[in-house]
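Input: a single structure, listed below in structure tokens.
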Amino acid sequence: MNVNEYGGDPATAHRTAIEEVTEFREFGAWVGGESTSGEGSERIETTDPVTDQQIAEIPAFRRSDVDTAVSVAWTAFETTWSETTPAERSRMLSNWIDELQSHAEELTLLECLDTGKPRAHARAEVQGAIETLEYYAAAARINEGKQIDAENDLHLYTRQEPYGVVGQIVPWNFPIWAAAWKLGPALAAGNCTVLKPSANTPLTTIRMAQLTADILPDGVVNVVTGSGSRVGGHLTEHDDVRKISFTGSEAVGKQVMESAADHFAAVTLELGGKSPFVVFPDADMDKVVDAVAEGVFYSTGEICDALSRAIVHEDIIDEFTDRFVEKAESHVLGDPLKDETTMGPLTTAAQLETVQEYIQTGLDEGATLLTGGNIPTDPELQDGWYIEPTVFGDVTNDMRIAQEEIFGPVQTIQSFSTYEEAIKLANDTKFGLAAGIGTEKTSLAHNAAADIDAGLIYVNDYGPILPDAPYGGFKNSGIGRDLGEEALDHYRQTKSVYVNLDEPSL
């Protein structure tokens, strides 16, 4: 698919783009190597957040359809996938990656339409997904046990073995990238998977699965579609699903743990955060203003590790605030299909309503609205779920806007005077996914990185997120890690083998 320009008003441009990317294509669930609608006729509509037009329909699976997918996955595991060597899995994953790369522009357009992301952002995330799978295609060959020195008459070693069939649930904000984070280590470790995408943004995940046809054995990758309560809930409580990996809200994460506990399934959870960026008085203002802005306004703020709490030293807070407000106001809200757009709409109407409620809460709590907070007045944007980049000053840590995950382009700014106070403010949250540090002093950067309770630390920057390093949080931000070699361990079980060695004799 070529990179096309879509002229005219958003409604016309998006209608053309939707027709192009969905023509002659069904977006059914993917089970056993083929598209399926399941046993029922109920469908769910996916909607363009820019124009409120329908993009496609997906099946609303029933519990029995999830049972079928799990059974199919076990058949694939027992008859085919468990017999593959790490080298064979690596080669098949590499072939799939080549196929995804050849469809990168198609996937980019789908992601742009389904989520409302600017096309440049969608393209970067498609490439991020492909690079993640490339990492695990290589890591598939790293399946090493170890020999343990024991008593003289024992040969003791360990083996790393897959769980078999795993269940995976990905969120609506980074559909294709999150799917790669789950699929890569699960497949590399030798598991088959039943993956549920969000009903709001399922299209790139479905298309990824379709592109496994004739490359991965049927039933190795299965995508089940439908509601979180019915399909996701049944997947997490299914007795034949040995491991669950979930990315989403804190409340649903608790439900996942409870469901998995009933059949002792292993669990990995990534549950979001309320991440601080601590700006020390020696910080390079050019670096930190850009970093904090990128960390809260990228993807319209719908990011789990959003750096939504700027904690700034009192000596520089006025300069930081002025420059940050200017940066916020420089964003171009518009049609994600246009190159000049730097911020698209929120992905769902419900999320727009949530963000508006939090903005009103901030005002009610006594914070000062420094910029934004409104729906833009541009007539071409009235059908979409847009909100202006929003910045609050005069914020204290007991305010809800400083403690609760808003999941939108809303930044709070508060001050500190001492190092101890900065660390206390940064850690005064139930979450611990990410944090940022702005300083030119190496010792200060390393000490703050050690003292802040978060699983991911950015120094003078936001990102990049690389597949090489583990990603996950402390406290209520979750359990376990995605990415890195560590994620492979979450999809494998260790077996110890004792071999008695008799005295050698001829």
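The values are calculated or read from the model by the stated rules, or taken from the named source; none is laboratory data. What you are looking at is a predicted structure, and each value in this text was computed from that prediction instead of being measured. So basically every Cβ, Gly included, is an ideal-geometry build from the backbone, and we count neighbours across all protein chains shown. Side chains are part of the model used for accessible areas, which takes the heavy atoms of the whole protein and leaves out ligands, DNA and RNA. Shrake-Rupley method; radii C 1.70, N 1.55, O 1.52, S 1.80 Å.
Listing for the model above:
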quantity: Rounded accessible area of Met92 (nearest 10 Å², 1.4 Å probe); calculated: 40
quantity: FRET efficiency, 1/(1 + (r/R0)^6) with R0 30 Å, evaluated for Met257 and Ala469 via beta carbons; calculated: 0.75
quantity: Under 13 Å, Cβ to Cβ, from Lys441 - net charge with Lys/Arg +1 and Asp/Glu -1; calculated: -3
quantity: For Ile44, residues with placed amide H under 5 Å, excluding near neighbours; calculated: Ile58, Ala60
quantity: Extension reserve of the Asp98-Asp398 stretch, reckoned as 0.36 nm per residue once the Cα distance is removed; calculated: 103.0 nm
quantity: Degrees separating the helix 317-329 axis from the principal Cα axis of the chain, which is the longest one; calculated: 80
quantity: Built amide H within the under 5 Å cut-off of Thr268, gap 5+; calculated: Ile244, Ser245, Phe246
quantity: Reduced Cα scattering model of segment 116-253, Debye log10 I(q)/I(0), q = 0.15, 0.16, 0.19, 0.22 Å⁻¹; calculated: -0.77, -0.86, -1.13, -1.42
quantity: Per-residue SASA entry for Ser299, accessible area with 1.4 Å probe, Å² rounded to 10; calculated: 10
quantity: Solvent-accessible heavy-atom area per residue, rounded to whole Å², over segment 25-106 at 1.4 Å; calculated: 44
quantity: J(HN,Hα) series, segment 472-481, from Karplus relation 6.51 cos²θ - 1.76 cosθ + 1.60, nearest Hz, glycine and proline x; calculated: x, x, 9, 6, 6, 7, x, 9, x, 9
quantity: Rg/Rg_globular for segment 204-361, with Rg_globular taken as 2.2 N^0.38 Å and Rg from C-alpha atoms; calculated: 1.38
quantity: Pairs from Lys243/Lys274; Lys254/Lys274; Lys274/Lys424; Lys287/Lys430; Lys117/Lys196 whose Cα-Cα separation, in the structure shown, is over 23 Å; calculated: Lys243/Lys274; Lys287/Lys430
quantity: Distance between modelled label sites at Tyr419 and Glu78, nm, 7 Å Cα→Cβ extension; calculated: 6.0
quantity: Gained length - Glu20 relative to Leu369, 0.36 nm times residue gap less alpha-carbon distance; calculated: 121.5 nm
quantity: Approximate spin-label separation Val332-Ala138, in nm, with each point projected 7 Å along Cα-to-Cβ; calculated: 3.6
quantity: Residue-wise HN-Hα coupling along segment 382-391, computed from phi with Karplus coefficients 6.51, -1.76, 1.60 (Hz; x: Gly, Pro); calculated: 6, 7, x, 9, 9, 9, 5, x, 10, 10
quantity: Protein accessible area in the chain, 1.4 Å probe - carbon and sulfur %; calculated: 46
quantity: Pairs of alpha carbons in segment 45-126 whose separation is greater than 20 Å (percent); calculated: 60
quantity: In segment 281-388, GluC sites (Glu not before Pro) in a DSSP loop with at most 11 other beta-carbon atoms within 10 Å; calculated: Glu340
quantity: Charge context of Asn95, other residues only, Cβ under 13 angstrom, K/R +1, D/E -1; calculated: -3
quantity: Net charge of Cβ neighbours under 11 Å - reference Thr85; Lys, Arg +1; Asp, Glu -1; calculated: +1
quantity: Computed helical MRE - 222 nm, the chain, DSSP H runs ≥ 4 contributing -39500 (n - 2.57), nearest 500; calculated: -11500 deg cm²/dmol
